[in-house]
Amino acid sequence: MKQREYEQALDQLFKVLSDLVAHAEKQATRRCPYKNRLNECVAKFGCRNQRKTSESDAFPACEGDDKLNYRLHR
């Protein structure tokens, strides 16, 4: 791979990752970072919003209201 092609590939990768980070930062102001797409809590610690399910091997349900900002204010 030539130097110019390498630099173009890095620029493209940087743009893709930058978009992902921007989306994650925006979502972190509205949604718990430990809630998956199925509204399950995947945190490895106790949380007041966790609700146990009837399945013993399932993740607990997340019953948070998503109105908390989990990031520090800058």
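Since every read-out is calculated from the coordinates, none of them should be taken as a lab result. Quick caveat, the model's predicted, so the values are computed rather than measured. Here Cβ is always computed from backbone atoms with ideal geometry, including for glycine, and neighbour counts include all displayed protein chains.
Scaling the Cα radius of gyration of the chain by the globular reference 2.2 N^0.38 Å produces a ratio of 1.62.
Taking the longest Cα principal axis of the chain as reference, the axis of helix 3-28 is set at about 20 degrees. Cysteines in the chain lacking any other cysteine Cβ under 4.7 Å from their own Cβ: Cys32, Cys47.
When only Cα pairs below 8 angstrom with a gap of at least 6 residues are kept, region 3-62 shows a relative contact order of 22 percent.
Summed over qualifying helices (DSSP H, 4 residues or more, each -39500 (n - 2.57)) and divided by its residue number, the chain shows a 222 nm mean residue ellipticity of -12500 deg cm²/dmol.
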